[in-house]
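Every number in this text was worked out from the coordinates using simple rules, so none of it is lab data. Just so you know, these numbers come straight off a predicted model, no measurement behind them. All Cβ positions, glycine included, derive from the backbone under ideal geometry; neighbour counts span all protein chains shown.
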Amino acid sequence: MSANDQSFVLRSTATSPFGRKVRIAAEVLGLSARVTLAPADTLDAKDTLRQQNPLGKMPCLLLEDGTAIYDSGVIVEFLQEVAGSEALVAASGPARYAALTLATLADGITDAALLMVYEKRFRDPGTQSERWLDHQRGKIARAMAAFEAAPPDPARTDIVAIGLSCALGYLDWRRPVQWRDNHPRLTAWLTAFARHEPAFERTRASNS
């Protein structure tokens, strides 16, 4: 059976920003009915996620034969190929690499925000590294400044917009930094994108 006919299992959680990226992409590509969310616990040594992805990270997409695909960017491209589409990222050419670069920048915001959350979650008060937290804040600030200067088209759902919306959604939820007051264009962009793309609201953790 080819991947075009398969159903898939997404090892993730409803609250994972990178898992949300995949869920939005699946919906936009018309594949959400073929993707079943199976919660994963990255801290549980007995969770099969560690066998499926040796890094023990989510999201991880499982094919019917047990083949595992990770991380979120790879999964999104795989799902786009299954859908026979180029809606989220071009298959080749300069536009592809421009989009992938901006998508990586958006993912970098999420990565830095996660590291800030983990620093506070896994270290006792008084042992958290302010130097480390400042390092992550700097990454977020620089990336946000780049997007504030040139936000994506809010009426277009592609790999950049999906990644950026999930990053900003995560910042709103976990609040490792306050971003809205200093980024009016991005604030307006997120409002407009959420209005344009219903999958953004449908994949909120509270709605999942």
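So, counting K/R as plus one and D/E as minus one, what does the shell of residues with Cβ under 11 Å around PRO59 add up to? Each step should come with its number before you reach the end.
On the way: positive: ARG11, ARG20, LYS21, ARG23, LYS57; negative: ASP71.
Its environment carries a net charge of +4.
Which whole-number percent is the relative contact order of the chain (Cα, under 8 Å, 6+ apart)?
Working: 265 pairs, mean separation 47.2, N = 208.
Relative contact order for the chain comes out at 23 percent.
Report the local net charge at TYR118: Lys and Arg +1, Asp and Glu -1, summed over other residues whose C-beta lies under 13 Å from its C-beta. Don't jump to the answer; show the numbers that get you there.
Details: positive: LYS57, LYS120, ARG121, ARG123, ARG174; negative: ASP111, GLU119.
So the surrounding residues net to +3.
To the nearest 0.05, what FRET efficiency results for THR104 and ARG131 with a Förster distance of 22 Å applied to their C-beta separation?
Values: r = 25 Å, r/R0 = 1.12.
My answer for the efficiency is 0.35.
Take peptides 71-79, 176-184 and line them up by average Cβ neighbours within 10 Å, highest first, as a rough protection proxy.
Details: 71-79: 21.1, 176-184: 14.6.
The peptides rank, most packed first, as 71-79, 176-184.
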